[in-house]
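Let me begin by presenting the structure, written as structure tokens, before commenting on it.
Coordinate-derived values only; no laboratory data. As the structure is a computational prediction, the values presented were derived from the model and not from experiment. When we count neighbours, we look across all protein chains shown, and the Cβ atoms used for this are built from the backbone with ideal geometry, even at glycine.
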Amino acid sequence: MTLTRVERERISDSRLKVQSISTSLKHVDPSKVPHFAEIADCLEDADKNLAEALRSTSPDAFHK
């Protein structure tokens, strides 16, 4: 699968947003947020999947 430069940028931006949310949640009392563990797991999975999407693209995607 080949991503365009714009797609790579969008995925990178989204990944940074997910990481920012994860970091912010570390300062929240989990007992005050319903399903906190599930939310944290979901964010972790999203980060891993976005990272995988970026790794699995061909290097020539940067030239488009």
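Things worth noting here:
- Cα-based helix-to-principal-axis angle, 36-55 vs the chain, degrees rounded to 10: 10 degrees
- Computing FRET efficiency as 1/(1 + (r/R0)^6) for Glu9 and Lys48, where r is the C-beta to C-beta distance and R0 is 22 Å, gives about 0.70.
- Gyration tensor (alpha-carbon) shape descriptor, the chain, a/c threshold 1.5: prolate
- Value of [θ]222 nm, deg cm²/dmol, for the chain, DSSP H segments ≥ 4, -39500 (n - 2.57) each, nearest 500: -22000 deg cm²/dmol
- Residue ranges 29-39, 7-17 sort as 7-17, 29-39 when ordered by packing (mean number of other C-beta atoms within 10 Å per residue, highest first).
- Dipole-positive endmost among Leu43, Ser24, Val6 within the chain (Cβ charges, Cα centre): Val6
- Estimated dipole of the chain in Debye, rounded to 20 [Cβ of Lys and Arg +1, of Asp and Glu -1, Cα centre]: 260 debye
- Couplings for the range 8-21, taken from phi via the Karplus curve 6.51 cos²θ - 1.76 cosθ + 1.60 with θ = phi - 60°, read 4, 5, 5, 5, 4, 4, 5, 5, 5, 5, 4, 5, 5, 4 Hz in order; Gly and Pro are left as x.
- Across the chain, the mean sequence separation of Cα contacts (distance under 8 Å, 6 or more residues apart), normalised by length, yields a relative contact order of 65 percent.
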